[in-house]
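Read the structure below first, then the notes.
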Amino acid sequence: MGSDLYSPGRSVVARLPFGADLLAAVAAVVEEHGVEAGALQGVGALRRARLAFYDQRRQTYEELDFDEPLEIVALLGNVSRRDGDVAVHAHAALARNDGTALGGHVVAGCEVFACELVVVELIGRPLERGHDKQTGLPLWTTL
Ligand code: ZN
């Protein structure tokens, strides 16, 4: 466990395309602008969603499908690097048409209806992910 200081760099503002995969579209935006590390937030709506929940005991993700229109109440996450590639880690809180909420770890399979994304670049030491034995997760290894 550790920490380090980063400074805010550029802010990338993007409107994600209708029908795009949410995670892939966010990755495409940060790659397009060369963001190596950053904090992201977004609001909008999804046509359908796939979220994951991490089973801490079994150390595996369980995926859940929601085949319904959903509001993106909060898309929150970060950008770092894993094996030289951009790694977007995002969680979403989503609302159903009755106002109830659900949420989880964003995986491939979230189809964008509309999404307004803001990514704030973080300037500092490279932020890399690698396997963490204790949790089984790809956590930051450079902190
Ligand atoms: Zn997660």
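Every number here is computed from the coordinates shown, using simple stated rules; none is lab data. Everything quoted here is computed from the prediction, not taken from an experiment. Here Cβ is always computed from backbone atoms with ideal geometry, including for glycine, and neighbour counts include all displayed protein chains.
Okay, here's what the table says:
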quantity	calculated
Residue in the stretch 40-61 that is surrounded by fewer than 14 Cβ atoms within 10 Å (Cβ to Cβ), aromatic (Phe, Trp, Tyr) and in a strand (DSSP E or B) present	yes
Residues satisfying the stated conditions in the stretch 80-107, i.e. buried (at least 16 other Cβ atoms within 10 Å of the Cβ), more than 13 Å from the ligand (Cβ to nearest atom) and among the β-branched types (Val, Ile, Thr)	Val86
Residues satisfying the stated conditions in the stretch 121-143, i.e. crowded, with 17+ Cβ neighbours inside 10 Å and more than 16 Å from the ligand (Cβ to nearest atom)	Glu121, Leu122, Glu128
Test: residue in the stretch 31-38 that is in contact with a strand residue (DSSP E or B) (Cβ under 8 Å, 6 or more places away or on another chain) and aliphatic (A, V, I, L, M)	yes
Subset tally (residues that are within 25 Å of Leu127 (Cβ to Cβ) and either within 12 Å of the ligand (Cβ to nearest atom) or under 17 Å from the mean Cα position of the chain (by Cα) (or both)) for the stretch 57-79	8
Pick from the stretch 1-30, criterion out of contact with any strand residue (DSSP E or B) (no Cβ under 8 Å at 6 or more places or on another chain) and small (Gly, Ala, Ser), ranking: nearest to Arg125 (Cα to Cα)	Ser3
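Listed here are the residues, each with its yes/no results for (1) in contact (Cβ under 8 Å) with a residue 60 or more places away in the chain; (2) of a type in the set (A, V, I, L, M).
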| position | (1), (2) |
| --- | --- |
| Asp4 | yes, no |
| Pro8 | yes, no |
| Arg15 | yes, no |
| Asp21 | yes, no |
| Ala25 | yes, yes |
| Val29 | yes, yes |
| Gly42 | yes, no |
| Phe53 | no, no |
| Gln56 | yes, no |
